[in-house]
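Take a look at the structure below.
The values are calculated or read from the model by the stated rules, or taken from the named source; none is laboratory data. In this text, all values refer to a predicted model and were calculated from it rather than measured experimentally. Cβ sites come from the backbone with ideal geometry, for glycine too, and all protein chains shown count toward neighbours. We work out accessible area using only protein heavy atoms, side chains counted, and drop any ligands, DNA or RNA first. Shrake-Rupley method; radii C 1.70, N 1.55, O 1.52, S 1.80 Å.
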Amino acid sequence: MTVQDTGPATAPDAAAETQAQLSAEIEAGHAAYAAGLERGEPQEHGPRKNWPPYRSSLLRHPTKDLRHADPETIELYSPVFGERDIGPLEADLTVQRGGEPIGERIVVRGRVVDGEGRPVRRQLVEVWQANAAGRYVHKRDQHPAPIDPNFTGIGRMLTDDDGWYRFQTIKPGPYPWKNHFNAWRPAHIHFSLFGREITQRIVTQMYFPGDPLFALDPIYQSIQDPRARERLVATYDHDVSEHEWATGYRWDIVLTGAHRTWTEPEDGDE
Amino acid sequence: MSDVLPQPLPPTPGQTVGPFFGFALPYERGNELVEAGTPGAVRLHGTVRDGAGDPVPDAMLEIWQADPAGGVPARSGSLLRDGTFTGWGRAETDREGGYWFRTLTPGATEAGRAPFFHVTLFARGLQTRLFTRAYLPEGAGPATDPLLASLDARDRATLVTVREPDGSLRWDVRLQGEGETVFLTYDEGAGAGRDGVGA
């Protein structure tokens, strides 16, 4: 296991700004996006690269527009992963340390497809998360919440022949970060996904429905379009819940890559 | 299951890899696509820097490449590292922003195209992953490749590795500012490449 101890995740003096200041920045950004849509500017599907409310991005975001390239042969494929790459228990984050981790046991299930709805078959899904108290195993996590000796928060699995993934874990807790004063991340699970082609590769975060921290979070709100944001929120699915064992969440993933840009219907066309 | 999904489907947005991926994504020998002493092994290495020129100690790079004959690897084992050349590797940056891979030199996959490593870059503070390419410095490729030929000299230089005296390939990444690396989109849709569009 690799750990780093290169200091605090953000500058310690960053915590001088208030949530009200950050929320005002977020609201102003979203208002500008909505006005742009009215003027006919394109709908956005992803987060803004240049999004100052996420302070760590200030010196790290590229300032130029992305340059268009036609994918060449190697880019029309993804690396191949197999059963031999992962252990049989890696899709169960509750059994990795010999004892039962503390928290609300959940099952997360969903389907990975491309923009045409074709399943992403036999492909690697990696997940990582905080424990029920909102603490990561990572050394740089200084949040004074308990580490659970029975929970590492790391999982890996392959999708099946129809693109489905499934894993069992403990529901992660929200946690504080140093973006500004009294800043809290909504509870989330990090996902790393490969598609049918390398241009479909994404890393993202899955959230839980109804989280009161959504409106306050500069990372979730870096996605300007509300419909795009909603695509990161899992739904409670009683068919995934298991009798006297675990509650269930469903989260489907669409990896579009190079081939198609999806466009929302114009208002009034629906 | 036989769900029939409506078409076309909206993409799932990316999000930052955050500060805490280091305990989860990097794995043992992830950056070693071939073992030490493998004939033809080459070291690809460099430093990732931010807009102030400071090293980025919490970034992660992945490479995906053809084999030396220009073939697309289709073998599993990237996480196992049992000696199979899979064409894919992952490296996190160290405290000085440095990374390295031990791999084979990629061949061209199409006639008239320059060989390159496809690179996916992640970091705390990057809202979503970035794609780019690291081309080999030799051959006619840099003059004839459609992407490289479309760039001015300064931008082109950001995508071409440098052959060091020891035979290794150096390729530095500048996220922002002077010498900012050219990052790519493969999206052909309206507004593609603009901030947030098609990301």
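Here are some notes:
- Screening the stretch B:79-89 for residues that are touching a residue at least 24 places away in the same chain (Cβ under 8 Å) and open to solvent by less than 40 Å² (accessible area, probe 1.4 Å) and picking the one that is farthest from the other protein chains (Cβ to nearest Cβ) gives B:F85.
- The strands (runs of 3 or more DSSP E) found entirely in the stretch A:160-222 that carry 2 or more residues being out of contact with any Phe, Trp or Tyr (no Cβ under 8 Å at 6 or more places or on another chain) are A:164-170, A:188-193.
- Some residue of the stretch B:106-118 being open to solvent by less than 30 Å² (accessible area, probe 1.4 Å), within 8 Å of chain A (Cβ to nearest Cβ), modelled with pLDDT under 95 and farther than 21 Å from A:R196 by Cα: no
- Filtered residues of the stretch A:197-215 (kept if aliphatic (A, V, I, L, M), touching a Pro at 6+ places or on another chain (Cβ under 8 Å) and more than 14 Å from chain B (Cβ to nearest Cβ)): A:L213
- Within the stretch B:52-67, one or more residues are within 8 Å of another protein chain (Cβ to nearest Cβ) and among the aromatic types (F, W, Y).
- Scope the stretch A:56-86; condition under 23 Å from the mean Cα position of the chain (by Cα), more than 7 Å from chain B (Cβ to nearest Cβ) and surrounded by fewer than 19 Cβ atoms within 10 Å (Cβ to Cβ); matching residues: A:L58
- Pick from the stretch B:122-181, criterion open to solvent by less than 10 Å² (accessible area, probe 1.4 Å), in a loop (DSSP other than H, G, I, E, B) and more than 30 Å from A:P52 (Cα to Cα), ranking: nearest to the other protein chains (Cβ to nearest Cβ): B:D145
- For B:G37, the test of being away from chain A (no Cβ under 11 Å) and out of contact with any strand residue (DSSP E or B) (no Cβ under 9 Å at 6 or more places or on another chain) is passed.
- Residue count, the stretch B:43-75 (criterion: open to solvent by less than 10 Å² (accessible area, probe 1.4 Å) and farther than 28 Å from A:L59 by Cβ): 3
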